[in-house]
Every structure is written in structure tokens, then in C-alpha cells.
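Chemist: The structure follows.
The values are calculated or read from the model by the stated rules, or taken from the named source; none is laboratory data. Everything numeric here is computed off the predicted structure, so don't read it as measured data. When we count neighbours, we look across all protein chains shown, and the Cβ atoms used for this are built from the backbone with ideal geometry, even at glycine. Just so you know, the surface numbers come from the protein's heavy atoms only, side chains and all, with ligands and any DNA or RNA stripped out. Shrake-Rupley method; radii C 1.70, N 1.55, O 1.52, S 1.80 Å.
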Amino acid sequence: MPDLFASAKKRLMAAAEMLDVDGDVLEMLSYPKETLSSSVTVRMDNGSLKSFKAWRCRYNDALGPTKGGIRFHPDACIEEVMTLAFWMTFKCAVAGLPFGGGKGAVAVDTKKLSNRELERVSRQFMQNYATFVGPDRDIPAPDMYTNGIVMAWMVDEYSKMTDTPTPGVITGKPVPLGGSKGREDATGRGGFYVLCTLAERLGIEPAKTRVALQGFGNAASHCAQLLHEAGYRIVAVSDSSGALYDADGMDPAEVLAHKKDTGSVAGAPTKGKSREIGGEELVTCDCDLLVPAALEDQITCDNAADVQAKVILELANGPTSFDADDLLLERGVWVVPDILANAGGVTVSYFEWLQNRGGDYWDADTVRDRLRRKMETEAENVWAMAEEYETGLRAGAYMHGLKRLEAAISAHGTRAYFNGGS
Ligand code: GLU
């Protein structure tokens, strides 16, 4: 993915130009602060030793300790990790959290590991990065193909290595180990709250809105459930093994139960006459709201002109390429960008970190209420910024985040200050 990072930075450049930010700020935000590559070498069940490439990047810590998930994916690479850490920098800034951006990955296919091998990979990752992370330095969390139990192994490893129980070094932990209530569904729920806040202005009315979701993992399945309960009609879902379309709609709970039983959404029960469609077709299928919740670069110049949805809610990180943005903007398609739409996960991670440090644990209603208020506030801020500059929500979100980053970076003095200005 050699172009991913360069392409991501174009959004920073575009926002910087609109805001006319100081060159020092741009210099600071153009390069990762540090990235540590390593090999995660573990004993496999068959007795052999195997090494997997791994990385952790702390992109920028102007706003606080770096924060972001760890991804286990066979295609992971340093370029992707840096890009994801860059996005986390902006996501935390947009969400108004006291965190910078980070990310980690291991290039491994978890479907080919036994549970014991998965545990060894997770513990070894933490052994490699124990001096890189820390509750005041860099705080990992789950991402694609990592989950609560992986976080539990990692926090346990860290606590053993430092001989100090340290729940605040990792978020997304199981609740009995200091995890937060409401972290599991936070990403999907946060996206739902953002959509509710902006729905009227985006021309969305639940009963008249047909939804297509690309991906049916944690974020998409929870968001689908909330949309369904609010009266939206779920007409299409997909996962890595296939896609399903039904104009009459489907119940996400039934789709999820089917996926849990069979490992795939294909063949899930629907209301009407469903048909299997190609995964790629999902992006351009007949719907009003498209929710990309899988991998990067799914909406590109090649298919953006054929997108039928009038609103895109980006639950995945980076699902729309830089070039596709202009095309969608010209066509009047609203894109609710990833750095706002999927910020619910890291927001509840922040709540978890606060609870770990305060030793005071909140009930689920408190978590949801605080998440809702946060997402509403920042959705309003992003909208206001887009309106002021007469642009789309992506540029609005980048400008909103950049203003916060600029204020923190400039507080140390900029070139104007050092050259004798103010
Ligand atoms: N991996 C999630 C994301 O991309 C969550 C990060 C976190 O909770 O730190 O936003």
C-alpha cells in the first residue's frame, strides 16, 4: 500500500491550505514521531518457530499520550500502520480527547492460528513493545481481528513485565479486567449518534432510508441493530465471504445469528426475496445510506460515480480514497468521514482509561449518555466548520481537528515567534 500514506496526507494539506496554518504545524504533522518495527517470533503448536512482522507507530503526541488499536491482518504493512496512526491523530483531535494518534499491527492471519498460537502472538507483541507503550505514553486497543481477550493477554503480559497491575495501558479489555461497560458497541453506536444528529440536514428520514452495510463485524452489526430499531430498512449486508441484497429488508439480529452459526452472512434469513450480490456490487447497490465498515480504499475513482446512496457513513478507517472525495462532493453525496463517524470506539476507550485511572467504574447508561453528548457536540462542530467554509464534512472534520492540533503545537512557539514575531 505505498500510496496510502501519501494519499492520507493530501487531506491534511487541503485542510491546512483552507485554514492557512503555520508551516511548522504542517511540518510536525507530516511525519510520524516514531515507528518501531519488530518480529513477533513464537513457537507454533507443531513445534516450529515462526516470525511475524509487527509494528507500532506513535504518530503525534501534541494532544496527549498516543492512542490507537492493534490490527492482526495478513496484509498489514508499515505504510498502513503509519496511515492508521495518522488518522487516529485526527480522530482523537476531532473527538476532543486528550490523546495523540498511534496504531499497531502484526502481519498474521488469525484464521490460521489456534487459540494457543494467538495467545503467544499477543503476549509476544507486548513483550516486544512493553517499553514503547505505557498508560501515559501509548495506549493500544482492539482493531481488526483483535478483541477483548487479545487485550486481556496483552495487559496481563505488561503487568507481569512491570510487576505492577496496570489496566490503563490497554483499552477494550473485558469488563471483569477493568474494561468499560459500553465499549463493545461503542463504534457502531457512536456512528449512529452522529447520523441522528445530522440526519435532518443530510435529508435522511429513517422510515424512508434503505441502508447497505459493507462488512458485518463489530462496528457494522451494532450500528445495523440500532438503525433497524430506529426504523431504517437494512437492504444489504456483506462480509469477506459474500453479500446479500433484499429490497424488503432484513433483521440484523437474525443476520448476526446466522453469521455466528455459519461464519458468513450469505444465506441469512430476510423478509422478501433476497439475492446474493458480489461484494463489490454492494458499494453501488440501490440504497440511500451506504455504511462502509470493512477495509480501506473501497470507494475510489473507479466506482464513486456509480454510488447510488446520498449519504455515506464511514465506520471503517479510510474507506474512501482522496480522489473519490471530490467526485462525491460534486455529485452532492454527503460523506460523514471516518474521523468523526467511527470516533465512538476511541471515545469510550478514553472513558475506560479514565475509569482505570480513577478506580471509579461507570454504569452502562452513564457511558452511553456521555458518548451521545460527545458525538452530538463534535458532529455539530464539524457541521459548523463545513458550513463556514462551504465545503464537505470531510474537509470540515479535518479543519476542526487541525485547529485543535495547531493550537497545541503552536503553544510551544512557531517560526513567527522564534523569528521575533508574536
Ligand atoms: N481501533 C479503533 C479505531 O480505529 C479504536 C482505537 C482505540 O480505542 O484506541 O478507532
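Chemist: Could you state the accessible area per residue of the stretch 242-378 in Å², with a 1.4 Å probe and every protein chain left in place?
Modeler: Heavy-atom SASA per residue in the stretch 242-378 reads 41 Å².
Chemist: When the Karplus curve 6.51 cos²θ - 1.76 cosθ + 1.60 is applied with θ = phi - 60°, which whole-Hz ³J(HN,Hα) does each residue of the stretch 251-264 get, with x for Gly and Pro?
Modeler: Result, rounded to whole Hz: 9, x, 5, 6, 5, 5, 4, 5, 5, 5, 6, 10, x, 8.
Chemist: How would you order 16-29, 201-214 from highest to lowest mean count of nearby Cβ atoms within 10 Å?
Modeler: Averaged packing, sorted descending, gives the order 201-214, 16-29.
Chemist: Still on this structure: Each label point is 7 Å from the Cα along the Cα-to-Cβ direction; what then is the distance between the points at Glu330 and Thr164, in nm?
Modeler: 5.6 nm
Chemist: Which of the peptides 310-320, 134-144 is most tightly packed, and how do the rest follow, judged by the mean count of other Cβ atoms within 10 Å per residue?
Modeler: Highest-to-lowest ranking by the protection proxy: 310-320, 134-144.
Chemist: I need the phi-derived Karplus couplings for the stretch 217-224: 6.51 cos²θ - 1.76 cosθ + 1.60, θ = phi - 60°, integer Hz, Gly and Pro marked x.
Modeler: Values, residue by residue: x, 3, 5, 5, 5, 5, 5, 4 Hz.
Chemist: If I model the chain as equal point scatterers sitting on the Cα atoms and use the Debye formula, what is log10 I(q)/I(0) at q = 0.06, 0.10, 0.14 Å⁻¹?
Modeler: -0.23, -0.66, -1.32
Chemist: Hey, can you rank 111-118, 8-15 by average C-beta count inside 10 Å, highest first?
Modeler: 8-15, 111-118
Chemist: At a threshold of 8 angstrom on Cα-Cα distance, excluding pairs fewer than six apart, so keeping six or more, what relative contact order does the stretch 38-95 reach in percent?
Modeler: It comes to 30 percent, rounded to a whole number.
Chemist: Something else about it: Using Cα centres only, tell me the gap between the stretch 1-53 and the stretch 200-278 in whole Å.
Modeler: Answer, in whole Å: 33.
Chemist: Quote the relative contact order of the stretch 353-422 in percent (integer), defining contacts as alpha-carbon pairs under 8 Å separated by 6+ residues.
Modeler: 16 percent
Chemist: Here's something else I'd like to know. Report, by chain and number, residues whose modeled amide H sits under 5 Å from the one on Asn60, excluding near sequence neighbours (fewer than 5 apart, same chain).
Modeler: Excluding prolines and chain starts, which carry no amide H, the hits are Lys33, Gly101.
Chemist: Still on this structure: Taking only DSSP H segments of four or more residues, each worth -39500 (n - 2.57), what value at 222 nm results for the chain once the sum is divided by all its residues, to the nearest 500 deg cm²/dmol?
Modeler: Numbers: 15 runs with 190 residues, N = 422.
One gets -14000 deg cm²/dmol as the mean residue ellipticity at 222 nm.
Chemist: Please list, in chain and number order, the residues 5+ apart from Val335 or on another chain whose amide H is under 5 Å from its amide H, with Hs placed from the backbone.
Modeler: When sequence neighbours closer than 5 places are left aside, the close amide H contacts are Ile312, Leu393, Arg394.
Chemist: Using amide H atoms built 1.01 Å from N in the peptide plane, name the residues 5+ places from Gln214, or on other chains, whose amide H lies under 5 Å from its own.
Modeler: Amide H neighbours of Gln214, under 5 Å, 5+ apart: Val291, Ala293.
Chemist: When the accessible area of the stretch 64-191 is split by element with a 1.4 Å probe, what percent falls to carbon and sulfur?
Modeler: 51 percent
Chemist: So what J values fall out for the stretch 157-171 if you push phi through Karplus, 6.51 cos²θ - 1.76 cosθ + 1.60 with θ = phi - 60°, rounded to Hz, Gly and Pro as x?
Modeler: In residue order, the calculated couplings are 4, 4, 5, 5, 5, 9, 6, 8, x, 9, x, x, 7, 9, 10 Hz.
Chemist: Note down the relative contact order for the chain as a percent, whole number, built from C-alpha pairs under 8 angstrom at least six residues apart.
Modeler: Working: 900 pairs, mean separation 69.2, N = 422.
Reported as a whole number, the value is 16 percent.
Chemist: What does the net charge come to around Asp246 if you take all other residues with beta carbon closer than 11 Å to its beta carbon, with K and R at +1 and D and E at -1?
Modeler: +2
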